[in-house]
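The values are calculated or read from the model by the stated rules, or taken from the named source; none is laboratory data. Keep in mind the model is a prediction, meaning the values are calculated, not measured. Positions of Cβ are generated from backbone atoms using ideal geometry, with glycine treated the same way; all protein chains shown enter the neighbour counts. Heads up: the accessible areas ignore ligands, DNA and RNA and are worked out on the full protein's heavy atoms, side chains in. Shrake-Rupley method; radii C 1.70, N 1.55, O 1.52, S 1.80 Å.
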Amino acid sequence: VQLQASGGGLVQAGGSLRLSCAASGRTFSSYAMGWFRRAPGKEREFVAAISSSGGSTWYAGSVKGRFTISRDNAKNTVYLKMNSLKPEDTAVYYCAAQFGPDGSSWSPDYDYWGQGTQVTVSS
């Protein structure tokens, strides 16, 4: 599985962005998907995950209520809609694929990673 993330950019605090992650291959629906981020000088952290069917989602406490993860299995794409962005959301965002039905907040569980897309939130 190859993953291509896009949609990052520069936005003012309070603004919104939608990230996309397009996957290659015909087995996308067999993978749970996750979004992680790495801020400058910090460790990579979990943001959100979605089950292979799209029926279950999980969020980090810092983004719950502001971010929404979704997927379109017909388009082999997972999305991360980010609202009410804060300067502390500034990071490189990575999508990842984990074989199996359930998502995880633990990055070693993931089998494939995209290249990352930069999100910068100005104050």
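See the values below:
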| item | result |
| --- | --- |
| Hey, Ser70 outside any loop (DSSP other than H, G, I, E, B), within 15 Å of Trp113 (Cα to Cα) and polar (S, T, N, Q) or not | no |
| Number of the exception - Thr27 against (1) modelled with pLDDT under 95; (2) in contact with a Leu (Cβ under 6 Å, 6 or more places away or on another chain) | (2) |
| Residue identified as of a type outside the set (S, T, N, Q), at pLDDT 95 or above, more than 18 Å from Leu17 (Cα to Cα) and out of contact with any Asp or Glu (no Cβ under 6 Å at 6 or more places or on another chain) among Lys86, Lys64, Lys75 | Lys75 |
| Close pairs (8 angstrom Cβ cut-off, 6 or more residues apart or separate chains): at positive phi in the range 59-86, surrounded by 15 or more Cβ atoms within 10 Å (Cβ to Cβ) and of a type outside the set (Gly, Ala, Ser) anywhere | Asn76/Phe28; Ser84/Arg66 |
| Test: residue in the range 37-51 that is in a strand (DSSP E or B) and over 17 Å from Val119 (Cα atoms) | yes |
| Residues of the range 73-120 that turn out to be of a type in the set (A, V, I, L, M, F, W, C), open to solvent by 60 Å² or more (accessible area, probe 1.4 Å) and part of a strand (DSSP E or B), as a count | 2 |
| Count - residues of the range 20-36 that are open to solvent by less than 20 Å² (accessible area, probe 1.4 Å) and part of a strand (DSSP E or B) | 7 |
| Sole exception among (1) free of Cβ contacts under 8 Å to residues at least 12 places away in the same chain; (2) over 15 Å from the mean Cα position of the chain (by Cα) for Ser122, by number | (1) |
